[in-house]
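Structure record follows, encoded as C-alpha coordinates.
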Amino acid sequence: GPREGSGAPQIPPLSIYGFGKFRVFIGGKEVEDKLWKTRKSKYMFAYLVANAGKDVPDEKVMEIFWPDHEPEKARQSLYAALSHMRKALDAVSPGESERVIHARKGFYKFNSERSFVFDLNEFERLHDQGQARIKDGREDEAMVCLQKAEQLYQGEFMEGYYDDWAVLMRDEMEMKYVEVLQVLMEHFQDLKKHAVVIDYAQRLLKHDPCQTEAHSALMQSYIQQGKPELAARQYQTCTQVFKNELNMSPAPELTELYLRITG
(Lines give C-alpha, C1' and ligand atoms only; values in the text may rest on other atoms or scores of the structure.)
Protein backbone atom coordinates (compact mmCIF):
# COMPACT_ATOMS: atom_id res chain seq x y z
CA GLY A 1 0.00 0.00 0.00
CA PRO A 2 1.01 3.69 -0.12
CA ARG A 3 3.70 4.76 2.34
CA GLU A 4 2.59 6.54 5.47
CA GLY A 5 2.80 10.27 5.06
CA SER A 6 2.55 10.02 1.26
CA GLY A 7 -0.85 11.69 1.47
CA ALA A 8 -2.46 8.99 -0.71
CA PRO A 9 -5.81 7.81 0.69
CA GLN A 10 -5.74 4.32 2.17
CA ILE A 11 -7.93 1.82 0.31
CA PRO A 12 -9.79 -0.38 2.82
CA PRO A 13 -9.04 -4.11 2.58
CA LEU A 14 -11.55 -6.22 0.65
CA SER A 15 -12.09 -9.80 1.88
CA ILE A 16 -14.40 -12.21 0.09
CA TYR A 17 -15.45 -15.61 1.43
CA GLY A 18 -16.94 -18.24 -0.89
CA PHE A 19 -16.68 -21.32 1.35
CA GLY A 20 -19.85 -21.69 3.37
CA LYS A 21 -22.23 -18.77 2.83
CA PHE A 22 -20.96 -16.12 0.38
CA ARG A 23 -19.82 -13.05 2.35
CA VAL A 24 -18.08 -9.79 1.52
CA PHE A 25 -16.20 -7.53 3.96
CA ILE A 26 -14.77 -4.09 3.16
CA GLY A 27 -12.50 -2.57 5.78
CA GLY A 28 -13.61 -5.31 8.17
CA LYS A 29 -17.30 -4.40 7.79
CA GLU A 30 -19.70 -6.90 6.20
CA VAL A 31 -21.88 -6.02 3.21
CA GLU A 32 -25.01 -7.42 4.82
CA ASP A 33 -27.86 -9.11 2.97
CA LYS A 34 -30.25 -6.18 3.44
CA LEU A 35 -27.80 -3.93 1.54
CA TRP A 36 -27.73 -6.22 -1.52
CA LYS A 37 -31.54 -5.85 -1.70
CA THR A 38 -31.85 -9.08 -3.76
CA ARG A 39 -30.08 -12.45 -3.85
CA LYS A 40 -29.46 -11.91 -7.57
CA SER A 41 -27.34 -8.79 -7.02
CA LYS A 42 -25.25 -10.58 -4.37
CA TYR A 43 -24.74 -13.72 -6.46
CA MET A 44 -24.03 -11.72 -9.59
CA PHE A 45 -21.20 -10.09 -7.65
CA ALA A 46 -20.03 -13.58 -6.61
CA TYR A 47 -20.01 -14.63 -10.28
CA LEU A 48 -17.89 -11.62 -11.26
CA VAL A 49 -15.49 -12.34 -8.36
CA ALA A 50 -15.19 -15.98 -9.47
CA ASN A 51 -14.21 -14.62 -12.93
CA ALA A 52 -12.00 -11.82 -11.57
CA GLY A 53 -9.99 -10.02 -14.22
CA LYS A 54 -12.06 -11.40 -17.12
CA ASP A 55 -14.48 -9.43 -19.27
CA VAL A 56 -17.86 -11.12 -18.80
CA PRO A 57 -20.37 -10.42 -21.61
CA ASP A 58 -23.70 -9.03 -20.42
CA GLU A 59 -25.42 -11.73 -22.54
CA LYS A 60 -23.71 -14.39 -20.42
CA VAL A 61 -24.84 -12.75 -17.16
CA MET A 62 -28.44 -12.52 -18.43
CA GLU A 63 -28.36 -16.15 -19.59
CA ILE A 64 -27.22 -17.29 -16.12
CA PHE A 65 -29.42 -15.11 -13.93
CA TRP A 66 -32.55 -14.50 -16.05
CA PRO A 67 -32.75 -17.46 -18.44
CA ASP A 68 -36.57 -17.34 -18.64
CA HIS A 69 -36.90 -13.59 -19.29
CA GLU A 70 -37.47 -11.96 -22.67
CA PRO A 71 -34.22 -10.21 -23.75
CA GLU A 72 -35.48 -6.70 -22.93
CA LYS A 73 -36.86 -7.75 -19.54
CA ALA A 74 -33.59 -9.60 -18.76
CA ARG A 75 -31.61 -6.44 -19.57
CA GLN A 76 -33.78 -4.34 -17.25
CA SER A 77 -33.29 -6.90 -14.48
CA LEU A 78 -29.53 -6.86 -15.11
CA TYR A 79 -29.36 -3.06 -14.78
CA ALA A 80 -31.48 -3.14 -11.60
CA ALA A 81 -29.24 -5.83 -10.04
CA LEU A 82 -26.10 -3.88 -11.02
CA SER A 83 -27.51 -0.78 -9.38
CA HIS A 84 -28.28 -2.72 -6.16
CA MET A 85 -24.78 -4.22 -6.25
CA ARG A 86 -23.08 -0.85 -6.62
CA LYS A 87 -25.19 0.74 -3.87
CA ALA A 88 -24.48 -2.19 -1.51
CA LEU A 89 -20.70 -1.84 -1.93
CA ASP A 90 -20.75 1.97 -1.69
CA ALA A 91 -22.94 1.87 1.44
CA VAL A 92 -20.09 0.14 3.29
CA SER A 93 -17.20 1.97 1.60
CA PRO A 94 -17.89 5.00 -0.63
CA GLY A 95 -16.29 4.58 -4.05
CA GLU A 96 -15.85 0.82 -3.72
CA SER A 97 -18.09 -0.02 -6.70
CA GLU A 98 -15.90 2.14 -8.97
CA ARG A 99 -12.79 0.37 -7.67
CA VAL A 100 -14.07 -3.15 -8.28
CA ILE A 101 -16.79 -3.20 -10.95
CA HIS A 102 -15.58 -2.04 -14.34
CA ALA A 103 -18.13 -1.74 -17.12
CA ARG A 104 -17.63 -1.13 -20.81
CA LYS A 105 -20.08 -1.59 -23.64
CA GLY A 106 -21.51 -5.09 -23.37
CA PHE A 107 -19.03 -6.31 -20.71
CA TYR A 108 -18.57 -6.30 -16.93
CA LYS A 109 -15.42 -7.14 -15.01
CA PHE A 110 -14.30 -7.53 -11.41
CA ASN A 111 -11.11 -5.47 -11.29
CA SER A 112 -8.43 -7.90 -10.12
CA GLU A 113 -5.92 -5.05 -9.81
CA ARG A 114 -7.77 -3.79 -6.75
CA SER A 115 -6.07 -5.67 -3.88
CA PHE A 116 -8.43 -8.24 -2.42
CA VAL A 117 -8.41 -11.64 -0.71
CA PHE A 118 -10.74 -14.40 -1.93
CA ASP A 119 -10.60 -17.60 0.12
CA LEU A 120 -11.21 -19.79 -2.93
CA ASN A 121 -8.21 -18.33 -4.79
CA GLU A 122 -6.05 -18.81 -1.69
CA PHE A 123 -7.28 -22.41 -1.27
CA GLU A 124 -6.41 -23.24 -4.89
CA ARG A 125 -3.01 -21.57 -4.60
CA LEU A 126 -2.13 -23.56 -1.46
CA HIS A 127 -3.48 -26.80 -2.97
CA ASP A 128 -1.36 -26.36 -6.12
CA GLN A 129 1.69 -25.29 -4.11
CA GLY A 130 1.32 -28.36 -1.89
CA GLN A 131 1.14 -30.68 -4.91
CA ALA A 132 4.21 -29.02 -6.47
CA ARG A 133 6.19 -29.39 -3.21
CA ILE A 134 5.30 -33.11 -3.06
CA LYS A 135 6.61 -33.57 -6.63
CA ASP A 136 9.83 -31.79 -5.57
CA GLY A 137 10.20 -34.13 -2.60
CA ARG A 138 9.70 -31.27 -0.10
CA GLU A 139 7.10 -33.13 1.93
CA ASP A 140 7.16 -31.09 5.15
CA GLU A 141 6.63 -27.83 3.24
CA ALA A 142 3.88 -29.52 1.20
CA MET A 143 2.02 -30.53 4.36
CA VAL A 144 2.15 -26.97 5.73
CA CYS A 145 0.52 -25.73 2.50
CA LEU A 146 -2.13 -28.46 2.52
CA GLN A 147 -2.98 -27.91 6.20
CA LYS A 148 -3.49 -24.20 5.50
CA ALA A 149 -5.69 -25.09 2.50
CA GLU A 150 -7.73 -27.49 4.64
CA GLN A 151 -8.36 -24.79 7.24
CA LEU A 152 -9.70 -22.42 4.58
CA TYR A 153 -12.41 -24.87 3.51
CA GLN A 154 -15.16 -23.72 5.87
CA GLY A 155 -18.00 -25.53 4.14
CA GLU A 156 -19.04 -26.17 0.55
CA PHE A 157 -18.59 -23.33 -1.95
CA MET A 158 -21.58 -20.92 -2.01
CA GLU A 159 -23.64 -22.99 0.40
CA GLY A 160 -27.37 -22.92 -0.32
CA TYR A 161 -27.01 -21.59 -3.89
CA TYR A 162 -27.70 -23.97 -6.77
CA ASP A 163 -27.06 -22.26 -10.10
CA ASP A 164 -25.07 -24.49 -12.46
CA TRP A 165 -21.94 -22.32 -12.47
CA ALA A 166 -21.71 -22.44 -8.66
CA VAL A 167 -22.47 -26.18 -8.47
CA LEU A 168 -19.66 -26.90 -10.97
CA MET A 169 -17.19 -24.89 -8.88
CA ARG A 170 -18.53 -26.48 -5.68
CA ASP A 171 -17.89 -29.98 -7.05
CA GLU A 172 -14.40 -29.02 -8.25
CA MET A 173 -13.47 -27.51 -4.87
CA GLU A 174 -14.86 -30.48 -2.97
CA MET A 175 -12.76 -32.87 -5.10
CA LYS A 176 -9.65 -30.84 -4.30
CA TYR A 177 -10.58 -30.74 -0.61
CA VAL A 178 -11.05 -34.55 -0.48
CA GLU A 179 -7.65 -34.92 -2.18
CA VAL A 180 -6.05 -32.62 0.44
CA LEU A 181 -7.61 -34.61 3.31
CA GLN A 182 -6.45 -37.90 1.84
CA VAL A 183 -2.83 -36.74 1.43
CA LEU A 184 -2.79 -35.35 4.99
CA MET A 185 -4.34 -38.51 6.42
CA GLU A 186 -1.74 -40.74 4.72
CA HIS A 187 1.12 -38.45 5.78
CA PHE A 188 0.13 -38.61 9.46
CA GLN A 189 -0.44 -42.37 9.19
CA ASP A 190 3.21 -42.69 8.19
CA LEU A 191 4.14 -40.61 11.26
CA LYS A 192 1.89 -42.78 13.48
CA LYS A 193 0.02 -39.70 14.76
CA HIS A 194 -3.18 -41.62 15.33
CA ALA A 195 -5.35 -38.84 16.80
CA VAL A 196 -4.61 -36.62 13.77
CA VAL A 197 -5.30 -39.49 11.36
CA ILE A 198 -8.68 -40.09 13.04
CA ASP A 199 -9.59 -36.42 12.65
CA TYR A 200 -8.78 -36.33 8.92
CA ALA A 201 -10.39 -39.73 8.25
CA GLN A 202 -13.64 -38.62 9.89
CA ARG A 203 -13.68 -35.44 7.79
CA LEU A 204 -13.07 -37.50 4.67
CA LEU A 205 -16.01 -39.79 5.44
CA LYS A 206 -18.33 -36.78 5.76
CA HIS A 207 -17.61 -36.05 2.09
CA ASP A 208 -17.29 -39.62 0.85
CA PRO A 209 -18.84 -42.16 3.25
CA CYS A 210 -17.65 -45.07 1.06
CA GLN A 211 -13.95 -44.24 1.11
CA THR A 212 -12.26 -47.53 1.99
CA GLU A 213 -8.91 -45.87 2.85
CA ALA A 214 -10.58 -43.65 5.47
CA HIS A 215 -12.44 -46.59 7.08
CA SER A 216 -9.19 -48.57 7.10
CA ALA A 217 -7.20 -45.65 8.59
CA LEU A 218 -9.80 -45.26 11.36
CA MET A 219 -9.80 -48.96 12.22
CA GLN A 220 -5.99 -49.16 12.26
CA SER A 221 -5.65 -45.99 14.34
CA TYR A 222 -8.18 -47.23 16.92
CA ILE A 223 -6.27 -50.54 17.15
CA GLN A 224 -2.97 -48.68 17.63
CA GLN A 225 -4.59 -46.61 20.39
CA GLY A 226 -5.64 -49.81 22.15
CA LYS A 227 -9.36 -49.34 21.35
CA PRO A 228 -10.30 -52.49 19.37
CA GLU A 229 -13.98 -52.05 20.28
CA LEU A 230 -14.02 -48.72 18.34
CA ALA A 231 -12.32 -50.41 15.38
CA ALA A 232 -14.99 -53.14 15.41
CA ARG A 233 -17.74 -50.52 15.57
CA GLN A 234 -16.16 -48.67 12.65
CA TYR A 235 -16.25 -51.88 10.61
CA GLN A 236 -19.96 -52.31 11.38
CA THR A 237 -20.62 -48.71 10.33
CA CYS A 238 -18.64 -49.31 7.14
CA THR A 239 -20.62 -52.51 6.39
CA GLN A 240 -23.93 -50.66 6.76
CA VAL A 241 -22.81 -47.72 4.59
CA PHE A 242 -21.51 -49.98 1.80
CA LYS A 243 -24.74 -51.99 1.87
CA ASN A 244 -26.99 -48.90 1.77
CA GLU A 245 -25.00 -46.86 -0.74
CA LEU A 246 -23.43 -49.47 -3.04
CA ASN A 247 -25.20 -52.74 -2.20
CA MET A 248 -21.71 -54.21 -1.63
CA SER A 249 -19.61 -55.62 1.19
CA PRO A 250 -16.54 -53.77 2.49
CA ALA A 251 -13.14 -54.47 0.93
CA PRO A 252 -11.61 -57.85 1.94
CA GLU A 253 -8.72 -56.17 3.81
CA LEU A 254 -11.22 -54.45 6.13
CA THR A 255 -12.97 -57.74 6.82
CA GLU A 256 -9.61 -59.39 7.55
CA LEU A 257 -8.74 -56.61 9.97
CA TYR A 258 -12.13 -57.02 11.68
CA LEU A 259 -11.74 -60.80 12.00
CA ARG A 260 -8.26 -60.32 13.43
CA ILE A 261 -9.55 -58.14 16.30
CA THR A 262 -12.72 -60.12 16.98
CA GLY A 263 -11.40 -63.63 16.32
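The values are calculated or read from the model by the stated rules, or taken from the named source; none is laboratory data. Keep in mind it's a predicted model, so treat the numbers as computed, not measured. All Cβ positions, even for glycine, are placed from backbone atoms using ideal geometry, and neighbour counts span all protein chains on display. Heads up: the accessible areas ignore ligands, DNA and RNA and are worked out on the full protein's heavy atoms, side chains in. Shrake-Rupley method; radii C 1.70, N 1.55, O 1.52, S 1.80 Å.
Some notes on this structure:
- Within the stretch 62-139, helices (runs of 4 or more DSSP H) holding 2 or more residues that are over 21 Å from E32 (Cα atoms) and either open to solvent by less than 60 Å² (accessible area, probe 1.4 Å) or of a type in the set (D, E, K, R) (or both): 71-92, 119-135
Quick grid of which residues meet (1) touching a residue at least 12 places away in the same chain (Cβ under 8 Å); (2) of a type in the set (F, W, Y):
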| residue | (1), (2) |
| --- | --- |
| A88 | yes, no |
| A91 | yes, no |
| K105 | no, no |
| F116 | yes, yes |
| R125 | no, no |
| D136 | no, no |
| D140 | no, no |
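- Test for K21: is it in contact (Cβ under 8 Å) with a residue 40 or more places away in the chain, under 26 Å from L168 (Cα atoms) and part of a loop (DSSP other than H, G, I, E, B): yes
- Within the stretch 193-205, residues that are assigned to a helix (DSSP H, G or I) sit with their Cβ atoms under 6 Å from residues that are of a type outside the set (A, V, I, L, M) and surrounded by fewer than 20 Cβ atoms within 10 Å (Cβ to Cβ), at 6+ positions apart or across chains, in these pairs: H194/Q224; H194/Q225; L204/Q211.
- Selection of the stretch 238-258 for residues being surrounded by fewer than 16 Cβ atoms within 10 Å (Cβ to Cβ) and of a type outside the set (A, V, I, L, M) yields Q240, K243, N244, E245, N247, S249, P252, E253, T255, E256.
- Looking at E159, E150, just one residue is touching a helix residue (DSSP H, G or I) at 6+ places or on another chain (Cβ under 9 Å), open to solvent by 20 Å² or more (accessible area, probe 1.4 Å) and not aliphatic (A, V, I, L, M), and that residue is E159.
- Residues of the stretch 25-39 classified as without any contact (Cβ under 8 Å) to a residue 60 or more places away in the chain, open to solvent by less than 50 Å² (accessible area, probe 1.4 Å) and outside any helix (DSSP H, G or I), total: 1
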